[in-house]
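Q: Could you have a look at this structure, given as structure tokens, before my questions?
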Amino acid sequence: MLNRDTLSTVLMLTTAPLLWAGNAVVGRMVHALVGPSMLNFLRWLLAFAILLPFAWPVLRRGSPMWPHWRRYALLGLLGIGSYNALQYLALQTSSPMNVTLVASGVPVWMLLVGALVFKVRVTGRQAVGALLSVAGVLLVLSRGDWQQLVDLRLVPGDLYMVLATIAWAFYSWLLLRTSEPRAIRADWSAFLMAQMFFGVGWSGAFAAVEWGTASYAIHWGWPLVLALAFIALGPALLAYRCWGEGVRRGGPVLAAFFLNLTPLFAAVMSAAFLGEVPHLYHALAFVLIVGGIVATSWRRRAAP
């Protein structure tokens, strides 16, 4: 049975991957309409405007957020500024299925970061689950041909996504390592707004650099407007709400293995909306990744 979960926790940890799979597919659909960093900035700027009427007190002078502004600035950099921009950048050269499968390596980084930085012991089941996930990710990186691993032929998007998963591992652990006031921690909108305030600043800075150094242009129209509305409401606000609460209840390691459901959802959506039919190696990789989830979360029933 799953460790420390309830039905609502499972629902939260499943909703976030579903929405993030949609984020990958939509990001691929509009990659020719806007630059990756600009897309990330517009997404979070819109999400900020939507959340502001509900969480504006956290930004006022005297708010308990300000004594902890360095923590929220770091969370905003890792979870909002870096991860999402790197994912959209990866989608410029890689498919949603590949991007989400590479992101399934996050349990490995979660265990490494937890052990090396936060001194959290790695159990045998977690190690087995991580190895299965690694095998699944390597299968995707090799495109089903192991010789490609020897030749190190990777598309840039795969490498960008590896960097994104490392950032996400640090972000998830920092969600638990907290000294923030209970007033903010207990209010999910205030907690997300505190991160988003700095995250919008980081993503805006990255977008400005991209605008000044790259040749991307914004092609406004209903496809881009509808895409922004979806990724701001779903993958940004709702998914981050579900992920944060799921991590709090089940822990970052268990949550990371639920994150590996994203490739399944991405494969279904890619086939439906992009016409990208999964290959056999995608299916084998997903089997290995699900095996990692089972190995990590399963435990024996107590003897009577």
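The values are calculated or read from the model by the stated rules, or taken from the named source; none is laboratory data. Quantities reported herein were computed from a predicted structural model and do not represent experimental measurements. Here the Cβ is made from the backbone with ideal geometry for all residues, glycine too, and neighbour counts use every protein chain on show.
Q: Go through the residues of segment 268-283 one by one and say whether even a single one is buried (at least 23 other Cβ atoms within 10 Å of the Cβ), closer than 30 Å to Phe54 by Cα, modelled with pLDDT of 75 or more and not hydrophobic (A, V, I, L, M, F, W, C).
A: No, the conditions are met nowhere in segment 268-283.
Q: While we're on this one: Could you check, for segment 89-109, whether at least one of its residues is within 14 Å of Ala169 (Cβ to Cβ) and surrounded by fewer than 24 Cβ atoms within 10 Å (Cβ to Cβ)?
A: The initial filter retains those residues of segment 89-109 that are within 14 Å of Ala169 (Cβ to Cβ), namely 102-109.
This time we only want the ones that are surrounded by fewer than 24 Cβ atoms within 10 Å (Cβ to Cβ), so: 108-109.
Yes.
Q: Related question: Right, Ala24: at pLDDT below 90 and in contact with a helix residue (DSSP H, G or I) (Cβ under 6 Å, 6 or more places away or on another chain) or not? Quick ask: steps written out before the conclusion?
A: Working: at pLDDT below 90: yes; in contact with a helix residue (DSSP H, G or I) (Cβ under 6 Å, 6 or more places away or on another chain): yes.
So Ala24 fits the description; yes.
Q: Against the condition buried (at least 22 other Cβ atoms within 10 Å of the Cβ), modelled with pLDDT of 75 or more, under 30 Å from Ala232 (Cβ atoms) and of a type outside the set (Ser, Thr, Tyr), how does Leu86 come out, does it pass? Let's see the steps before the verdict.
A: On the way: buried (at least 22 other Cβ atoms within 10 Å of the Cβ): yes; modelled with pLDDT of 75 or more: yes; under 30 Å from Ala232 (Cβ atoms): yes; of a type outside the set (Ser, Thr, Tyr): yes.
It is true that Leu86 is buried (at least 22 other Cβ atoms within 10 Å of the Cβ), modelled with pLDDT of 75 or more, under 30 Å from Ala232 (Cβ atoms) and of a type outside the set (Ser, Thr, Tyr).
Q: Scan the helices (runs of 4 or more DSSP H) fully inside segment 93-166 and keep the ones with 3 or more residues being among the small types (Gly, Ala, Ser) and modelled with pLDDT under 75. Reasoning before the result, please.
A: Working: elements: 96-103, 106-116, 124-141, 147-151.
Helices (runs of 4 or more DSSP H) meeting the threshold: 124-141.
Q: Determine which single condition Ala190 fails, assuming it passes every other condition in (1) surrounded by 14 or more Cβ atoms within 10 Å (Cβ to Cβ); (2) at pLDDT 90 or above.
A: Of the numbered conditions (1) surrounded by 14 or more Cβ atoms within 10 Å (Cβ to Cβ); (2) at pLDDT 90 or above, the odd one out for Ala190 is (2).
Q: Going by what's in this entry, would Ala239 be described as modelled with pLDDT under 95 and crowded, with 19+ Cβ neighbours inside 10 Å?
A: Details: modelled with pLDDT under 95: yes; crowded, with 19+ Cβ neighbours inside 10 Å: yes.
Spelling it out, Ala239 is indeed modelled with pLDDT under 95 and crowded, with 19+ Cβ neighbours inside 10 Å.
Q: Provide a single number: the residues in segment 207-236 that are in contact with a Ser or Thr (Cβ under 9 Å, 6 or more places away or on another chain), part of a helix (DSSP H, G or I) and of a type outside the set (D, E, K, R).
A: Of segment 207-236, the ones in contact with a Ser or Thr (Cβ under 9 Å, 6 or more places away or on another chain) are 207-211, 214, 216.
Remaining after also requiring part of a helix (DSSP H, G or I): 207-211.
Then drop every residue that is not of a type outside the set (D, E, K, R), which leaves 207-209, 211.
So the count comes out to 4.
Q: Another question about this same structure. Yes or no: Pro64 surrounded by fewer than 24 Cβ atoms within 10 Å (Cβ to Cβ) and at pLDDT 90 or above?
A: On the way: surrounded by fewer than 24 Cβ atoms within 10 Å (Cβ to Cβ): yes; at pLDDT 90 or above: no.
So Pro64 fails the test.
Q: Please go through (1) surrounded by fewer than 22 Cβ atoms within 10 Å (Cβ to Cβ); (2) outside any loop (DSSP other than H, G, I, E, B); (3) small (Gly, Ala, Ser) for Ala255 and return the number of the only condition it doesn't satisfy.
A: Against the list (1) surrounded by fewer than 22 Cβ atoms within 10 Å (Cβ to Cβ); (2) outside any loop (DSSP other than H, G, I, E, B); (3) small (Gly, Ala, Ser), Ala255 comes up short only on (1).
Q: Here's something else I'd like to know. From (1) touching a helix residue (DSSP H, G or I) at 6+ places or on another chain (Cβ under 7 Å); (2) surrounded by fewer than 24 Cβ atoms within 10 Å (Cβ to Cβ); (3) touching a residue at least 12 places away in the same chain (Cβ under 8 Å); (4) within 22 Å of Ile289 (Cα to Cα), pick out the condition that doesn't hold for Leu112.
A: (1)
Q: Of all residues in segment 196-226, count the ones that are under 18 Å from Leu86 (Cα atoms) and either at pLDDT 90 or above or buried (at least 17 other Cβ atoms within 10 Å of the Cβ) (or both).
A: 16
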